[in-house]
Every structure is written in structure tokens, then in C-alpha cells.
Amino acid sequence: MTRPGFTASTIINFAEKLEEDASRFYEQLASAFPQGRETFLAFAREAKKSRALISRTYQETISDAIETGFSFEDLDLNRYAAEATVTGDWSYPDALRAAMKLEQEAARFYLELASRSQSLLATIPRAFTRVAQARRDRAQKLSSALSALKASDT
Amino acid sequence: MPLLEEPIKEVLTLRNYIGGEWLESQGELTDVVNPATCRVIARVPASTGEEVDKAVEAAKEAFPDWRRTPPLARARCIFRLKELMEQRFEELSRVQTMEHGKTIDESRGETRRGIEQVEVATGIPSLMMGYNLEDIASGIDEYVIRQPLGVFGIIAPFNFPFMVPLWYAPYAVAAGNCVVIKPSPHVPISQAKLAELVNEAGFPPGIWNVVHGAGPVASHMLEHRDITGICFVGSTPVGREIYKRCGETGKRVIAQCGAKNFLLVMPDADLPRTIAACMTSFFGNTGQRCLSGANLVIVGEGQNDQEYEAFYRKVVDAFVEAASKIRVGYGLDDTVQMGPLQNKDRKERVLGFIQKGVEEGATLTLDGRNVKLVGDWPHTCFLNPTVFDDVAPDMTIGREEIFGPVASIMRARSFDDAVEVIHGNPYGNSAAIFTSSGKWAREFQYRVQCGNIGVNIGIAAPMAFFPFGGMKESFFGTLHGQGQEAIRFFTDSKVVIQRWF
């Protein structure tokens, strides 16, 4: 039980949904933009792995989190509820930019969770940090792709 | 918030699991009610004495072969059970919320703690090893073999429908014994689901049996001459009776009973973290936990009267403020932080204690009788967190186990006074101290007569590989459940002294 604020289940559901949305988003991008298909599909697979990691970590540590007391109050989930929908009129660079924004926001979310769970079993902050790192890596790859695209345009 | 999907879609009619088969009982059926919605979710039989006999007979028949099964092969069965529990983790958890009322986080925590017992029991080849010594005399060696004993009965409580039988059953069967489990008739579904997994895991018939029912089934188990030992979790009066009757019939017994747990707050405690831990301790599982905080003792060690009054008020205010914000409702709404009492009689009982508290002069600082819920649910089993202030240790609410979301706040001017208050209570299950001082923590763990001690821990729940203690009126028996002690309980130590001519 938390103090007024979120239950662990609420937070984990939110994180799981972020990963599901990301996975679906990249699958849609893969269909819409053949030039980035392999990369987007790889990102979709990573998001599925992240979801599994989050679910597993939660199921394996929830008893500790309850007994130790976790602290997710005052967390503003709306800040991180980014829209993960592909819009029909996007160009490929638009898609890369939207994906990059999504990844950066999600990385911030996971880092905040990691920081708030430092007092819990090490497994918990470590999982959130791993997912944050995966998100940052993807943001970096997207940024590089965007730069490469700009370079080829000039 | 939308509810998580309920795994029980239609009213189940529960059957006994005996000798690897699902057998319909001849006993009368009673309703199992979801305490949040008040809907009937199952019907459970009050099994007959003959059905208990049949389960014991099946277990007895299975024992010789199971006992001869190598420990590693037994461990493989238990590994398969663990794997199935992981696969069905979510369903098992939601069933607990439906039949008990606890929140989904709490149910998942319970599922995990249950699985941990199974995980530890898979180590049986190491756990069960004996020991030896050469040359105890000229050319003579001596060694100890741990041997299983036969059939054990497990009589389970209503507050942790999934986990509690797993404090015992995995160790018993891993060691080569067979079990007959009697779940609480209020919450029998979790054990039925678990037995489905046992069946799927390929345990030979008769190793693991489940017989539904209430007191008469338990009583029949106590009298059964082919049951070697009993594991019980429940109230102190029943535990004492079980201990006595097991003594008369020569059975081993673990009886984990009632509690009245004291949590001390010292002036040097980290208050925000203490209050957070207290919320879980007092109101987690709606206070229906033998390790729940019951009495919060605010200790004024080293303070003058003025300082103490300010400290006392600060702790009370922070505690009440946090308790008042706990969201109460149906546990399958995962924003909910506290569920209902398990049934309406439980709620009536708790209401009786609250009334007593008022009559005996404690200050009702937070009145949970004014039920406020998240969602539109019948109020039948719900209470909100309740806090009494200025409770004296001899008041009914300060002395007796309430088993509900009611906190009693007490004063103690010194550490010694606080320890005296704890020792004035007949129970000795758990106690905790919140402090930044190693000195007080050490004094506390050294002096306090309780089986489970928390230092800056609100719920001092032993992990599966440690024994679950209990002292005074909270425990009857010698060895405890879980870990190595459970293995010792479920085995006999045979000594062999050997010489070859």
C-alpha cells in the first residue's frame, strides 16, 4: 500500500501500456515506411522484451515492495502519457522525430521510477534503468538516422 | 478506473481433491461470497468424516512409494508446480482478491510469497541431508538420517487463502510425506486452483489432497490416527485446543495463532518512512494479518513533558492524515489501497471493538465507520481505516486481537515502559521498533519476547528460508514452519551407529 498516490499495480500497468503502445507504434511505422522497416521492427521487439521485463520484475518483487513501502505519490503520469499514434500525413523524417520524442519522454519516466525505487530491492531500480537505457539507445539511433537523412538531403 | 477482469465468471461448485481425483462431496454446500461485491462466486461443501478418511487413506497409500521416490525426482515435481504457478500467476492472484477482498497488489504479493516457499522446497536434496561422524568409538561411525513420517494435516485460515498452506505443504511433500489440506470454507477457491496445478504438475495420486469444510472436518483430522502431525494457523483459542488434542493423540503440531503486535516509535525515528511503513503494517490486508501492527506506541525516551507532547501529537497527526487518505474499494480496481473485511461477520466483530473503544474512553480520532469507497459497492463488508488515540494497554482495543483496520495509539514515557507494555500482553507474535539508534534497536531485539522482530520494518514477515516464529500465546509447538525447521518438523531424525567386524 502506498501513501495517497499510486498503487504499484497502477504504475506497472502504465509502464506495460507504454511498452505495448511503443511496440504497436513501431509496427505501424514499419508498415508505413519501408526504408526503416527493419529498424522499426527491431524496436517493436525490444519494446515487447521491455514489457516482459517490467511484468516479471513486478511479479517477482511486489511482496517486497509492499512490505518495504514504495513511494510513487505525487508522480505526474500525465506528463509521460505520450501519444503513440502514427499519423497518415507523416513523412519519414516526421516519423523519426515523433519516435525520438516518444523515446526521450519514456526514458525520463523510467529514470524517475528508478530514482523513486532506490530503497527497494535492487532488481526494481535496475529493471527501470535498463528500460530507460533501451529507450535512450533507441532515441540515439533515431537521432542518428535523422542526421543521416539530413546529410544525404544536403 | 475500470476493474481488472474477474477470472471467476460463473458460480463454481467445489469438489474435494482426493487420490488425484476430483470427487463431489456428500456434504451440504454453503456459499462463498466475494466480500466487495457481495456476489456468490462458489459453493463449498462441508465434507463428511468419511471423505476425510478417504483422503487420509489415499495419502497413506501413496506414502510408501513417494517416500522411496528419490528426493531429486520429488524436487522435479515441485519445480513443475512452481513453473505452473508462475504461468498462472495473474489468475491465482485475482482469485484471491475475489474470494478474500484484498487488493490486487496484495494478492500478487501473496502469490509471490507462496511461490517462494515452493522454490525453497525444491532444494530438498540439500535441505534433507543428515550428518555423520566417524570414529565415535573404535571403528564405530554414527550418522543421522532424516526420514519422512507419513501423512500431515494442514488446517488453513481465511486471511491468506493461497499462501499459508504453502508454509508447510511443499516442505512436507518434498521430504517424502503426503498432505491433506483443509482450506478455510470462507476462501476455499485458491486451494482448489492450486490443487489443479498439483494435478497438472504430475504429482502421483494421494500425495496432495484437499478436503473442504469447517470445524468438523478439522476435528476429524485431529482425531485421525493415521495423521502424524498437524499444521494450523488461526486463532489462539482454537490453536490451544489443537495443541492439547494433538498432545493427547501423539501428533506433532505447529499452531501459529493470534497476535497483538506493538510498533514503537522512538523520538529519533525517520518519521515519514515510519508512517509509510505503518500504513502498510496496520491497514495492509485490511488489518487481517497476524503480523499487522495493532498498537502504535509513541515513546518519549529522553524527552521532557513538553517535548513529548509535541512529539506525540506530531506522530498522531501524521499517522491519521496518512490513514485518512487510503483509498478503499474493490481490490480488482488497481487504484484501490485497501479492500473490505473478508465477510460481514468479521466486520461486525470489528465494529464491536470500535464501540468498546469508544465506551472505554479512548479517543476515536479517525472513524472508519463512515464508509467512503472508490466505486459503487455495497458497504456490507467495508470499513475505512480507524484510529484510536490515547489508548491504555488494558482497554479491550489495546489488549485483544481485532483483526481489522483499527490502530490503537498508546503513550510510553520511556523505552522501558514500552517494553513493559509489550510484555503485559499475552501475545508474542511480532513487534517492531522505529529508531535511528543501534542501541535501542539492539535492546529491543534482545529483550522483547516476540517471535518476529522488526527494526524499522512494519511487517516482520520471515522469508521462506527462515522459520516463522511466534512466542507466548501466539504459538503452540516447538518447531516452526518454513525453511530448515519445516524440514525437521516433517522428518524424524534416525540415528545409526555402525561397526563392521
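No lab work stands behind these numbers, since they all come straight from the coordinates. All of these numbers come straight from a predicted model, not from anything done at the bench. Quick reminder, even Gly has a Cβ in these numbers, built from the backbone with ideal geometry, and neighbours come from all protein chains shown.
Of note:
- Shielding value for A:46-59 is 1, the average number of Cβ atoms from other chains within 10 Å of each residue's Cβ.
- Under-5 Å amide H pairs with residue B:227, H placed in peptide plane, nonlocal only: none
- Of all DSSP beta bridges confined to the protein assembly as shown, the antiparallel ones make up roughly 40%.
- 3J(HN,Hα) from dihedral phi, the stretch A:120-133, Karplus parametrisation 6.51/-1.76/1.60, rounded to Hz, x for glycine, proline: 8, 3, 4, 4, 6, x, 5, 5, 5, 5, 4, 5, 4, 5
- Nearest 10 degrees, 0 to 90: helix A:8-32 Cα axis against chain A principal axis: 10
- Averaged over peptide A:7-15, the number of partner chain Cβ atoms lying within 10 Å of each residue's Cβ comes to 5.
- Relative exposure of B:57, B:91, B:359, judged by other C-beta atoms within 10 Å (fewest first): B:359, B:91, B:57
- DSSP H segments from chain B that extend 20 Å or more along their own axis, Cα-based, with Kyte-Doolittle mean of -0.5 or above: B:71-87, B:305-324
- DSSP-loop GluC sites (Glu not before Pro) across the stretch B:245-330, with at most 16 other Cβ within 10 angstrom: none
- For residue B:414 and residue B:497, a Förster radius of 56 Å and the Cβ-Cβ distance give a FRET efficiency of 0.50, rounded to the nearest 0.05.
- When each of B:220, B:100 is scored by the number of other beta-carbon atoms lying within 10 Å, the sequence from fewest to most is B:220, B:100.
- Where only alpha carbons of the protein assembly as shown are counted, the Rg and the Dmax (Å): 27.3, 97
- Local net charge near residue B:331, Cβ-Cβ under 10 Å (Lys/Arg +1, Asp/Glu -1): -2
- Per-residue HN-Hα couplings for the stretch B:137-151 [Karplus 6.51, -1.76, 1.60; θ = phi - 60°; Hz; x = Gly/Pro]: 8, 4, x, 10, 10, 9, 8, 10, 10, 9, 10, x, 10, x, 10
- Sorting B:395, B:128 from the fewest to the most surrounding beta carbons within 10 angstrom yields B:395, B:128.
- Note on chain B: Kirkwood hydrodynamic radius from all Cα pairs is 23.6 Å, rounded to one decimal.
- Checking the Cα-Cα distances for B:82/B:344; B:182/B:244; B:314/B:372; B:102/B:260; B:82/B:347 against a 24 Å cut-off, the pairs over it are B:82/B:344; B:314/B:372; B:82/B:347.
- Database remark: amide H of residue B:154 closer than 5 angstrom to the amide H of B:180, B:181, B:182, B:231 (H placed geometrically; neighbours at sequence offset of 5 or more, or on other chains; Pro and chain starts carry no H).
- Formal net charge of residues neighbouring residue A:39 (Cβ-Cβ distance under 13 Å; K, R +1; D, E -1): -1
- Base-10 log of normalised Debye intensity for the stretch B:205-345 (one unit scatterer per alpha-carbon) at q = 0.10, 0.11, 0.14, 0.21 Å⁻¹: -0.57, -0.65, -0.84, -1.21
- Computed from the Cβ-Cβ distance with R0 of 35 Å, the FRET efficiency linking residue B:364 to residue A:118 stands at 0.40.
- Shielding by partners - mean other protein chain Cβ count within 10 Å, residues of B:110-121: 2
- In order along the stretch A:60-66, the Karplus-derived 3J(HN,Hα) couplings, from 6.51 cos²θ - 1.76 cosθ + 1.60 at θ = phi - 60°, round to 8, 10, 4, 5, 5, 4, 5 Hz, and Gly and Pro are given as x.
- Calculated FRET efficiency for the pair residue B:29/residue B:376, C-beta based, R₀ 25 Å, to 0.05: 0.25
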